[in-house]
Structures are given as structure tokens and as C-alpha cells.
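Here the structure comes first, spelled out in C-alpha cells, and everything after it is commentary.
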Amino acid sequence: MPRHPKQYKYFRHGNYRGEGTLKELASFIGKTKGEMNTLVRRGHMKSLRNRHTASKVYEYVEEIVTDPAEYILYDGDDFAAIGTLDEIAEETGLKRETIRWYGTPSGQKRGNRALVKMDDDEEEIEA
């Protein structure tokens, strides 16, 4: 199955300016690949401040998520929650980043919680 390139939205001064792959957006706004990766990181940290002007970020890129993955969070051997990362965060009161960490090998070794990504087959069985 071929991989589809990720799609992104480009914002400048808080206003939507366009969307496409990073390569398409780079040519659209005249940026290099490295500069586009910086804009993607800024999209993850919108409160980042420009160290030169001490003002809020005025330009960033956000990934367009078309079909967010679903997960199961276990607390020990017990089922704790099911849904997207945001849904699990809302239901459990934990941070999204903390829940995502439970899915890493180090997170599963250190704690008694585990995050497992659901396959398409599991969704059909439960439905």
C-alpha cells in the first residue's frame, strides 16, 4: 500500500493561507525544507515566542489529520479507556503527551499503564 504524503495547513498572523504537502507549501511561500520543518515545530508549540522580538509566533504549519488513530489505555491488567488520544485525555484527566508516552517502550516498562493502538480488525470485532 503506497504512503500518501502528509498534508499541512499554513497560517500567517493567525490567518489560514493555504494547504498542501511541505514541498508544495515551501514553493508556495518561498521557504527551504529546513525552514518548513521549523514551521511544523512551531505548529506544535503555538505559544512559542520569537527570541528577537519577544512577540508570539506569527507563522506556523499544522498537520491535517484526516483519520485519527484509536487507542486502548490499560491500567495494569484492567481496561481504562478507549478512543483517540484527545478523547482518552479528556476521559482520564491526563495530559495528551503523558498518554502518548504510555505507548512507548520506556513508558510501558516504568509504569503500570500501557497504550495500545487499535487495528482495523479490532474495531470491527467490537462494533
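Observations on the structure shown:
- Matching residues in the range 87-100 - criterion: being free of Cβ contacts under 8 Å to residues at least 12 places away in the same chain, in a helix (DSSP H, G or I) and not basic (Lys, Arg): Glu87, Ala89, Glu90, Glu91, Glu97, Thr98
- When Gly30, Gly93 are screened for being loosely packed, with under 11 Cβ neighbours inside 10 Å, farther than 26 Å from Pro5 by Cα, out of contact with any strand residue (DSSP E or B) (no Cβ under 6 Å at 6 or more places or on another chain) and at pLDDT 90 or above, only Gly93 passes.
- Qualifying residue in the range 106-126 (condition: among the β-branched types (Val, Ile, Thr), at pLDDT below 85 and exposed (fewer than 13 other Cβ atoms within 10 Å of the Cβ)): yes
- Selection within the range 52-90 - more than 25 Å from Gln7 (Cα to Cα), at pLDDT below 85 and hydrophobic (A, V, I, L, M, F, W, C): Ala54
So that you can scan it fast, the table gives a plain yes or no per residue for (1) of a type in the set (Ser, Thr, Tyr); (2) more than 12 Å from Ile64 (Cβ to Cβ); (3) at pLDDT below 85; (4) in a helix (DSSP H, G or I):
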residue: Pro2; (1), (2), (3), (4): no, yes, yes, no
residue: Arg17; (1), (2), (3), (4): no, yes, no, no
residue: Lys23; (1), (2), (3), (4): no, yes, no, yes
residue: Ser47; (1), (2), (3), (4): yes, yes, yes, no
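- Tabulated pairs, the range 71-84, first at positive phi, second polar (S, T, N, Q), C-beta under 8 angstrom, 6+ apart or interchain: Gly76/Asn112
- Residues in the range 61-81 that are in a strand (DSSP E or B), hydrophobic (A, V, I, L, M, F, W, C) and closer than 11 Å to Leu115 by Cβ: Ile72, Leu73, Ala80, Ala81.
The values are calculated or read from the model by the stated rules, or taken from the named source; none is laboratory data. Computed from a prediction, not measured in an experiment: that's the story for all the values here. Quick reminder, even Gly has a Cβ in these numbers, built from the backbone with ideal geometry, and neighbours come from all protein chains shown.
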